[in-house]
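Report on the following structure.
The values are calculated or read from the model by the stated rules, or taken from the named source; none is laboratory data. What you see is a predicted model; the values in this text were computed from it and never measured. Please note: Cβ atoms are built from the backbone with ideal geometry, for glycine as well, and neighbour counts cover all protein chains shown. Surface areas here come from the heavy atoms of the whole protein model, side chains and all, with no ligands, DNA or RNA. Shrake-Rupley method; radii C 1.70, N 1.55, O 1.52, S 1.80 Å.
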Amino acid sequence: MIIDKIETKRNKTTVFCGEKSFPFCPQTLLKYGLKEGEIDAKTFFDAKNESDRLLCRRQLYALIDRSEKSKSAYIDALTSRGYSYKMAVEEADAAEEKGFIDDKRYAECYLHLHEHAKGWYRIASELRVKGVPTEIIDSLKEDFGDHTNECIKQAEKIMKSVENTYENRQKAYAKLMRKGFSSEEITKALDQYGSAEPEE
């Protein structure tokens, strides 16, 4: 195969071969002695595979540095950038072994960040969507405890701008349910606004 051009712009190196272009890590180009002209195909793709892994690793650590996510979310982010699923998983596994990715730590932080505005069921659902394993989510439930006071505060925010009617209390109930509070917490929060039965 033939390398037509090697171009570096804004710290990004691209190797052009005919109509195809490949991102490359500069260190890999030097290691394998890749330059413009004819090149053995096996050497080129060995270099490309090694380069892809280095670029994948750098991208992963850049994502980790930017914000903490679940392991699954990091893998999804890498595959969306064109890295193979296998490589993304392997790099995420390695980062997890080093302690840079920790689903339990992420879930605990997420829980404490949102527990005053959302109920357990909403938080648990969001963590599942973010790829946190079910066993980790279940292990946090005991730490969550009773959040009736938070539910009351949310109920007050909803009810202060509407008339205290059965219909509006039912709407408030539905909103609080969507926020993930339990039916017991919601009932206690709305008791101060009167009966749950429709007015005669």
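Okay, here's what the table says:
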quantity	calculated
Selection of GluC sites (Glu not before Pro), the stretch 126-180, meeting DSSP coil and at most 16 other Cβ within 10 Å	Glu163
Selection from Gln170, Leu54, Pro26, by position along the positive dipole direction of the chain (Cβ)	Pro26
Virtual spin-label span in nm between Arg10 and Gln27, 7 Å along Cα→Cβ	2.3 nm
In Å², nearest 10: area of Ser125 left accessible to a 1.4 Å probe	50 Å²
Backbone N within the stretch 48-74 under 19 Å of label point (7 Å from Lys86 Cα along the Cβ vector)	48-57
Debye equation applied to the C-alpha atoms of the chain, log10 I(q)/I(0) at 0.12, 0.15, 0.19 Å⁻¹	-0.73, -0.92, -1.18
The chain: relative contact order in percent, alpha carbon pairs under 8 Å with at least 6 residues between	14 percent
Calculated FRET efficiency for the pair Asp102/Asn49, C-beta based, R₀ 22 Å, to 0.05	0.15
Whole-Hz ³J(HN,Hα) from phi, Karplus 6.51 cos²θ - 1.76 cosθ + 1.60, for the stretch 107-124, glycine and proline x	5, 5, 5, 4, 4, 5, 6, 10, 5, 8, 10, 10, x, 4, 5, 5, 5, 4
For the stretch 1-114, the Rg and Dmax computed from alpha carbons only, in angstrom	17.1, 58
Cα-Cα P(r), the stretch 89-200, percent of pairs per 10 Å interval	13, 38, 24, 15, 7, 3, 0
